[in-house]
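Heads up, the thing below is written out as structure tokens.
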Amino acid sequence: MRRYKFLGDYRLRKVFQKDLLASISKPEMVVPIPVNKSTLLTRGFNQVTGLLGKLSYREILLTKQANKSISQSKKSRKERMKLEQPFLIDLKEISNISLNQNIVLVDDVYTTGTTIRLAAELLMDYGFKNVRGLTLAR
């Protein structure tokens, strides 16, 4: 995972794709956890969307740009647990989506669960009824 995510060995995404994609049901709308712009510029790719390959997904979450001070991977467990809502809903992307849609939030690594939990809370607060999380590794 380190080679893929932090060293940019983008080819490794194909090693993980089959198992990850097998865990997604057809009627679910796939929503990847976004990375902020500075991370995207540094890495050159979003490691989550890379794992999804050609699978259709909707980028309905955005990151708050003020949330780019310290990478999640460099935070302690205690710091991660105190994370404030880092996401916003992209109202343009979400305007024609039924609130009854089943959503699966996809992330690469589950450490404390805070990222998935906050993203799910935001979507449920917006009115979505069925939101679940799926991560490649824990």
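The values are calculated or read from the model by the stated rules, or taken from the named source; none is laboratory data. Computed from a predicted model, the values in this text were never measured in an experiment. Note that we place each Cβ from the backbone using ideal geometry, even for glycine, and neighbour counts take in every protein chain shown. For accessibility, only protein heavy atoms count, side chains too; no ligands or nucleic acids. Shrake-Rupley method; radii C 1.70, N 1.55, O 1.52, S 1.80 Å.
Here are a few things to note about the model shown:
- The residues on offer are 38, 56, 25, and the sole one that is over 25 Å from residue 95 (Cα atoms) and of a type in the set (Gly, Ala, Ser) is 38.
- Looking across the stretch 33-44, just one residue is part of a loop (DSSP other than H, G, I, E, B), surrounded by 11 or more Cβ atoms within 10 Å (Cβ to Cβ) and out of contact with any strand residue (DSSP E or B) (no Cβ under 6 Å at 6 or more places or on another chain), and that is 35.
- Hits in the stretch 92-125 - residues which are more than 29 Å from residue 15 (Cα to Cα) and modelled with pLDDT of 95 or more: 121, 122, 123, 124, 125
- Residue count, the stretch 90-112 (criterion: in a helix (DSSP H, G or I) and surrounded by fewer than 15 Cβ atoms within 10 Å (Cβ to Cβ)): 3
- Filter result for residue 50 (open to solvent by less than 80 Å² (accessible area, probe 1.4 Å) and assigned to a helix (DSSP H, G or I)): yes
- Evaluation of residue 46 against (1) under 11 Å from the mean Cα position of the chain (by Cα); (2) modelled with pLDDT of 90 or more (one fails), failing number: (2)
- Residue list for the stretch 10-32, restricted to those being surrounded by 13 or more Cβ atoms within 10 Å (Cβ to Cβ) and of a type in the set (D, E, K, R): 13, 28
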